[in-house]
Every structure is written in C-alpha cells, then in structure tokens.
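> One structure is given below, represented as structure tokens, and several questions about it will come after.
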Amino acid sequence: MSQYPNSGKLSPNRFKDDAKKPDMVGEIIMQRADLKALLQEHTDDEVVIKLSGWTRQGNFGEFISLKWNNYKKKEEAPKPKQENLDDSDIPF
C-alpha cells in the first residue's frame with residue numbers, strides 16, 4: 001500500500017451511510033523492527049505516537065498522507081554525549 005516505511009494514509013469513507021461510521025478510514029504500516037524498538041524504549045503503559053499528515057490528491061480523490069513519529073518525553077530522550085574538547089589552542 002505505502003511506498004514509504006512507517007507511513008500510511010486516511011481517505012474519505014466511501015461506505016459512510018450513517019453518522020456513526022467514521023468520516024475517514026485508512027491504515028498506517030509499521031515495520032516490525034521499529035515497532036519492537038518502540039515497545040522496548042517506553043516503560044509506561046501508554047506509548048504516545050505523534051502523527052503528521054499532508055493533504056494529497058490521488059486517483060480516487062483527496063486523501064491525507066500520514067507519517068508517525070516516536071514521541072519521547074524530554075526526560076526519556078537520550079542525552080547528547082559530552083565530548084572533552086581541547087580548547088588550549090583557542091587564542092581567547
């Protein structure tokens with residue numbers, strides 16, 4: 001379905017015949033390795049996945065292209081490595 005890994009789409013529901021059915025339907029395809037890593041990285045019961053969407057035009061009309069992002073709270077995000085820089089040759 002999707003040519004990009006870990007992406008998907010939402011399209012208008014062509015079978016919506018009453019107010020209880022969703023306005024849009026679709027799917028997001030996740031690679032198994034990324035899904036396993038996502039579960040290992042999060043220790044809470046809830047895993048937040050941020051979605052980004054772009055309105056696109058396709059063969060069957062307008063749809064929303066989706067991309068997911070592994071959201072991490074600031075305290076969960078890996079801290080950048082501090083490098084020991086030698087600044088003895090800087091003239092000021």
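> Considering the options Met24, His42, Asn69, tell which one lies farthest towards the positive end of the dipole of the range 7-70, charges being +1 on Lys and Arg and -1 on Asp and Glu at the Cβ, about the Cα centre.
Result: Met24, furthest along the dipole toward the positive end.
> Once phi is turned into ³J(HN,Hα) by the Karplus curve 6.51 cos²θ - 1.76 cosθ + 1.60 with θ = phi - 60°, what whole-Hz value does each residue of the range 48-63 show in order, with x for glycine and proline?
Computed from phi, the couplings for the range 48-63 are 8, 10, 7, 10, 10, x, 10, 6, 10, 10, x, 4, 10, x, 6, 8 Hz.
> Please compute the modelled spin-label separation between Ser7 and Arg32, points set 7 Å along Cα→Cβ, answer in nm with one decimal.
If labels sit at Arg32 and Ser7, their model points lie 2.3 nm apart.
> To continue, here is another question. Tell me, what HN-Hα J-couplings in whole Hz come from the Karplus equation 6.51 cos²θ - 1.76 cosθ + 1.60 at θ = phi - 60° for each residue of the range 5-11, using x for Gly and Pro?
x, 6, 9, x, 7, 10, 10
> To one decimal place, what orientation-averaged projected area in nm² is obtained for the convex hull of the Cα set of the range 7-70?
It is 5.7 nm².
> Oh, and also: Check which residues have an amide H placed less than 5 Å from Lys9's amide H, if you skip close sequence neighbours.
Under 5 Å from the amide H of Lys9: Glu27, Leu66.
Read-outs throughout are calculated quantities, based only on the coordinates presented, and are distinct from any laboratory measurement. These numbers come from a predicted model, not from an experiment. Neighbour counts run over all protein chains shown; Cβ positions are idealised from the backbone, glycine included.
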